[in-house]
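For reference, the structure is listed below as structure tokens.
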Amino acid sequence: MPPASSVSPEPTPSPVASTPSLEGAAELLVACLCADWCRTCDTYRDDFATLRQQFPQARFLWVDIEDDSELVDDLEVETFPTLLIGQADRLCFIGPVLPGPAAAQRLIQAAVDNPSMSAASPTAPAGSTAAAQALLSRLRQSC
């Protein structure tokens, strides 16, 4: 278990035979926002490791929203697991995902394939996109 108040990068896996297209993935950041007490997050750790193997050029971070509360700041995370996906400084996605790697794999691949993918949504709660964009910037600077 990672020490308190530290974002933990996922370990670098061995190469995988069938890897999705990775063109443009070099600056891709995928953060799983979780909580130590969440049993769903516990089971999602293996799924997250699988995703890391499928996208070896992307940067994967496991962020405990309570241990890393100063980093998460004012972003409200109510459903777990929640993924934040950013391509360079652009927020591509922020939101909960179903357990299992399939939904997240499609979101990550969409971020790689679609340079204009954006998390901005007219139905997003007020301030959530701005708070997530700020978190993406803090993750890029500190991790």
Notebook entry, point to check: For the pair Asp74 and Thr50, how long in nm is the line joining their label points, each one 7 Å along Cα→Cβ?
Noted result: 3.8 nm
Item checked: Accessible-area composition of segment 49-99, carbon plus sulfur, in percent [1.4 Å probe] -> 47 percent
Checklist line | Packing rank of 50-63, 104-117, where each peptide gets the mean count of other beta carbons within 10 Å, highest leading | finding: 50-63, 104-117
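The values are calculated or read from the model by the stated rules, or taken from the named source; none is laboratory data. All values derive from a computational prediction rather than experimental measurement. So basically every Cβ, Gly included, is an ideal-geometry build from the backbone, and we count neighbours across all protein chains shown. Keep in mind that these areas ignore ligands, DNA and RNA; they rest on the heavy atoms of the full protein, side chains included. Shrake-Rupley method; radii C 1.70, N 1.55, O 1.52, S 1.80 Å.
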